[in-house]
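Undergrad: Dumping the structure here so I can ask a few things about it.
The values are calculated or read from the model by the stated rules, or taken from the named source; none is laboratory data. Just so it is clear, the model here is predicted, and its values are computed rather than measured. Reconstructed Cβ throughout: ideal geometry from the backbone, glycine too, with neighbour counts over all protein chains shown.
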Amino acid sequence: MQEIYILGAGGFAKEVYFLITQIGGYDIRGFVDIKAGDPIKIGKTMVPVWGEADIADKKGAALAIGIGQPKIIKKLAAAFGEGFYFPNLIHPGVIIDEDNVTFGRGNILTANVVFTTGITVGSFNIFNLATTVGHDVVIGDHNVFNPCVAISGFVKIGDTNLIGVKATILEGKTVGSQSIVGAAGLVLKDVPDNVTVVGVPAVIK
């Protein structure tokens, strides 16, 4: 089996651990934090916490980013981008048109996510529980979509955005880069770079 380490040791890292066990086929070697720490108990299993320096010589191993913050994801992807393998981790319960969806690397799709058709996705994105992505959507890198986000057709999303729980992005809209869409926000207009939008309809905060 392919060895895999999870970058991060917090709550979302535990969710990624669970996701990997659901997918199967990986030997989870532990979590990775800035410095080594005490093992984390998950069920009856004590999972090691390695320091970043401890895996420097593990080139060729698989890594998964278990942190749900876009800017940190971008930083880790750059720091560990050479020599490590970042698989796309897709829960077996995901509904997806596999012949008409393309991915980069290091994407995470959790349970009950739905991808329809004609979708292009970059790298290192997180699609959390029950997120839906409509037809002909283009998504960049390092984005985090929290649970139950709804993305309509022909939407374009840049890089390093945080999309809040139950946010909705309507058809044909564009979200720039390094922006935040607040929880339950309804995006009726394009969202520029480096802003936070909230509300129904979503407006710049």
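Residue-by-condition table, conditions (1) aliphatic (A, V, I, L, M); (2) free of Cβ contacts under 8 Å to residues at least 60 places away in the same chain; (3) more than 19 Å from residue 88 (Cα to Cα); (4) surrounded by fewer than 20 Cβ atoms within 10 Å (Cβ to Cβ):
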site: 128; (1), (2), (3), (4): no, no, no, no
site: 137; (1), (2), (3), (4): yes, yes, no, no
site: 149; (1), (2), (3), (4): yes, yes, yes, no
site: 156; (1), (2), (3), (4): no, yes, yes, yes
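Undergrad: Quick check on the range 88-102. Is at least one of its residues part of a helix (DSSP H, G or I) and buried (at least 18 other Cβ atoms within 10 Å of the Cβ)? So that I can check it myself, show each step before the final result.
TA: The initial filter retains those residues of the range 88-102 that are part of a helix (DSSP H, G or I), namely 98-100.
Adding the requirement that they be buried (at least 18 other Cβ atoms within 10 Å of the Cβ) leaves none.
No, the range 88-102 contains no residue that is part of a helix (DSSP H, G or I) and buried (at least 18 other Cβ atoms within 10 Å of the Cβ).
Undergrad: A further question follows. Of the numbered conditions (1) touching a Pro at 6+ places or on another chain (Cβ under 7 Å); (2) in a strand (DSSP E or B), residue 22 fails exactly one; give the number of that condition.
TA: (2)
Undergrad: Considering only the range 109-122, I want to know if a residue exists there that is under 21 Å from residue 192 (Cα atoms), buried (at least 18 other Cβ atoms within 10 Å of the Cβ) and not acidic (Asp, Glu).
TA: Looking only at the range 109-122, we keep the residues that are under 21 Å from residue 192 (Cα atoms), and these are 120-122.
So of that shortlist, the ones also buried (at least 18 other Cβ atoms within 10 Å of the Cβ) come out as 121-122.
Now restrict to residues that are not acidic (Asp, Glu): 121-122.
Yes; the residues of the range 109-122 include at least one that is under 21 Å from residue 192 (Cα atoms), buried (at least 18 other Cβ atoms within 10 Å of the Cβ) and not acidic (Asp, Glu).
Residues are listed down the side, and each one gets a yes or a no for (1) surrounded by 17 or more Cβ atoms within 10 Å (Cβ to Cβ); (2) within 20 Å of the chain's Cα centre (by Cα); (3) at pLDDT below 95; (4) not assigned by TED's automatic domain parsing to the domain that holds residue 141:
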residue: 163; (1), (2), (3), (4): yes, yes, no, no
residue: 171; (1), (2), (3), (4): no, no, no, no
residue: 180; (1), (2), (3), (4): yes, yes, no, no
residue: 200; (1), (2), (3), (4): no, no, no, yes
residue: 204; (1), (2), (3), (4): no, no, no, yes
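Undergrad: Can you name the residue in the range 51-81 that is crowded, with 20+ Cβ neighbours inside 10 Å and part of a strand (DSSP E or B) and, of all such residues, is farthest from the chain's Cα centre (by Cα)?
TA: That would be 62.
Undergrad: Please determine, by comparing only the residues of the range 51-72 that are modelled with pLDDT under 95 and of a type in the set (Lys, Arg), which one is nearest to residue 37 (Cα to Cα).
TA: In this case the residue turns out to be 58.
Undergrad: Is there a residue being touching a residue at least 60 places away in the same chain (Cβ under 8 Å) and out of contact with any Lys or Arg (no Cβ under 6 Å at 6 or more places or on another chain) anywhere in the range 174-188? Walk me through how you get there before you give the answer.
TA: First, pick out the residues of the range 174-188 that are touching a residue at least 60 places away in the same chain (Cβ under 8 Å): 178.
The next check asks that each one be out of contact with any Lys or Arg (no Cβ under 6 Å at 6 or more places or on another chain); those that pass are 178.
Yes: one or more hits.
Undergrad: Under 8 Å by Cβ, and 6 or more places apart or on different chains, what pairs join a residue from the range 190-204 that is without any contact (Cβ under 8 Å) to a residue 40 or more places away in the chain with one that is of a type in the set (A, V, I, L, M, F, W, C) and exposed (fewer than 12 other Cβ atoms within 10 Å of the Cβ)?
TA: That search, which allows pairs on different chains as well, returns nothing.
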